[in-house]
1. Report the Cα-based extents of region 215-361 along its three principal axes, largest first, to the nearest Å.
2. At 0.36 nm per residue, minus the direct Cα-Cα distance, what do residue 511 and residue 544 gain on full extension? Give it in nm, one decimal, please.
3. If I model a spin label at residue 33 and residue 268 as a point 7 Å from the Cα along the Cα→Cβ vector, what separation in nanometres do I get?
4. Report the calculated FRET efficiency for residue 224 and residue 679 (r = Cβ-Cβ distance, R0 = 41 Å), to the nearest 0.05.
5. Mind ranking 253-262, 624-633 by how tightly packed they are, going by the mean number of other C-beta atoms within 10 angstrom, highest first?
6. Hey, if you drop one equal point scatterer on each alpha-carbon of region 652-736 and run the Debye formula without solvent, what base-10 log of I(q)/I(0) do you get at q = 0.19, 0.21, 0.22 Å⁻¹?
7. Simple spin-label model, 7 Å along Cα-to-Cβ: residue 318 to residue 686 in nm?
8. Let me check I've understood the local charge: for residue 68, count other residues with C-beta under 10 angstrom from its C-beta, Lys and Arg +1, Asp and Glu -1. What total comes out?
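What follows draws every value from the coordinates through simple rules; no lab data is involved. Note that the structure is predicted; figures quoted are calculated from it, not measured. Cβ atoms come from the backbone with ideal geometry, glycine included; neighbour counts cover every protein chain shown.
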Amino acid sequence: MALNLEIKDKERTEIRKAYRQLLLACKPLMEAADVDLIRKALNMTRMHNPEVARNEAGELKVLESLEVALVVINELGLSRVAVMGALLYDTVVDGSVSVDEVERTFGKQVALITRGLVKVSELYNKGTSIQNDNFRKLLLTFAEDIRVVLLIIANRLRTMRNLALYSAEDQQRISSEVAYLYAPMAHRLGLYNIKSEMEDLVMKFTNREMYSFIAKKLNETKRARDKYIREFIEPLEEQLKKQGLKFEIKGRTKTIHSIYNKIKKQNTEFENVYDLFAIRVILDSELEKEKAECWQVYSVVTDKYQPNPSRLRDWISVPKSNGYESLHTTVLGPESKWVEVQIRTERMNEVAEKGLAAHWKYKGHKGEKGMDEWLSNVREILENPELNAVDFIDDFKLDLYDEEVFVFTPKGDLRRLKKGATVLDFAFEIHSEVGKKCVGGRVNNKNVPIKYVLKNGDHVDIQTASNQEPKKDWLNIVVTSKAKSKLKQALRDIEYKEAEIGREMLVRRLKNWKYELSDQLLNQLVKAFRYKTVQDFMRAIAIDKVDFSRIKEFIIRLDKKEDETAEHDKERSAEKFVSGKDTLPDDDVLMIDKSLTNVDYKLAKCCNPIFGDEIFGFVASMGGIKIHRKNCPNAIDMHTKFGYRIVKAQWTSGSDTSYQATLKITGVDDIGIVTNISQVISKELKIKIRSMSIDSHEGIFEGTLTVFVDNINSLTALIRKIKNIRGVYTVSRVGA
């Protein structure tokens, strides 16, 4: 009882602390009436959703709401509407307070946000995969108010920071969602700090071994890095002070995730990654002097240190499409080390850290108008119900600072398009039906093709034809988000209609042959004729790419070989790489969901799980279950795309089974080193070698070794033994 009271007292202290922090953060940005509304929102939350209400990790929901609200105001720079939406979220989701009641008390904007958040919650309650077709509903919710997107990102960031409290399964699921959707989305919105922290936290829970290794290395080298940064900065500070500039210089260590990417990309060791940190100069400049003073700092830096001309990035003159402004250069510092230097003002730095939302604080600045137009574009694009999450991330570009082209309609109306837009883009800008029927245009009274690139001041008249239909290669002609979205939808409609015609033709022909079209037969036909999807196969029938005589021949062969095929499929239900065996052992090696034994399963070749590995099952499309390691390279993809097909799995016994494992080894290309490795494996450890291949280049060898081991302990002992052989650099398991 005393323990429960202690925990409860501690949690109440945390609630009071977070509440005070929130009020303190809100006061500079809001009027007294706004702060009163925030107090009212929290009181409503506590009244209808008592402190004892907890989330799936056991945390108090009231505390969770307060902490999300703190992220919203401190790290996203949003104001009272978003803060109240964060505080009211759980109360509205669980039905304690209606959206109508929220609207009466807090206004239409807060109600709009809470309504959008409720829709998102409903999607997750249904277990919808983020790549499922129904997930487009989430994007339709986004279109109502951009703050819904930002609140979801704030919620996911707060969840990632507390992910250690969740179960192992939830950690993998949430990490997969964040890696696939929310970190890239934060990047698109210019939220670089949040994107970087999300990536680091995802790595912490999905690749903990490498995360811990890099974190340890960074800690070990911190003193040397700090010393180098001080030596680099001191002469710059002296010169900048002499020129009367107001500034701050910081040394920033790069994120663990970015360092890991460099190690992989450069195929090198941690010690060989030279650009582990960046120097950032932040100026206190007036708006009209920003550009000049940034270049003044650049001059000081390059006078002191030799610059690399190919590494100059000027995002001040032409900012990135998501609003990012900064001047980057790489210079040769002390000890002949390359150092990245970033130069920006306080305003630019806040935009870089808080993304597009930071523009809202700068009234009268060009970003405010651009934000409104950008929000309008978001709504317009997301009105398309077929647009999915991948299209949003891959196709949608923020147009805030892109160069633009202004053209006139035949009636003299001025239209603004992205620079590089074509006649076809203009046609879709007028109307999607005009775009679909476009055959060309008249620009300045001259006939031009649909791919003609528009110039400022052009007078454009679109020409259409009733028999014209959109074509796939048009995607290479259009450049605007609206045209791409509408064109993709039109192409999907055409393909769907053709596929329906093909299905009717196939059903009719099969009926004549006394057959029915079953899902099994359809899948076999798609595979046999080598089409990627059922729709592609049906379209091929409709446009006479598949001959019905070949389909009939295939079905006849299928009938004759049905028994033989069934037996063949049964034999394939287990992998045949187990040492000296063609079938799985009689006793259970795996237990699925703690209740199923003797199941039809395979050990996945992409990661080759062995006894002792943490594993999960994946229901294959052709039946049976594939067993993967939890850190399989394909795990995140499977969790995000096919979460409903994931099955819990664990080993029950090792039996006398041997498991295949592949190792990658590098070292000095010395005479006898391969012999030493093989002797340690076969003679000292009595492990059977299946295959070994060695390549050498400039005195370094790289080998791939496949062995049979009993369990993970045997493999760990083997890796340790090989690492101790003189001349061996690295030993790693393939598929990790």
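1. 45, 35, 27
2. 10.0 nm
3. 6.0
4. Rounded to the nearest 0.05, the efficiency is 0.55.
5. The peptides rank, most packed first, as 624-633, 253-262.
6. -0.80, -0.97, -1.06
7. Roughly 6.9 nm, to one decimal.
8. That works out to -1.
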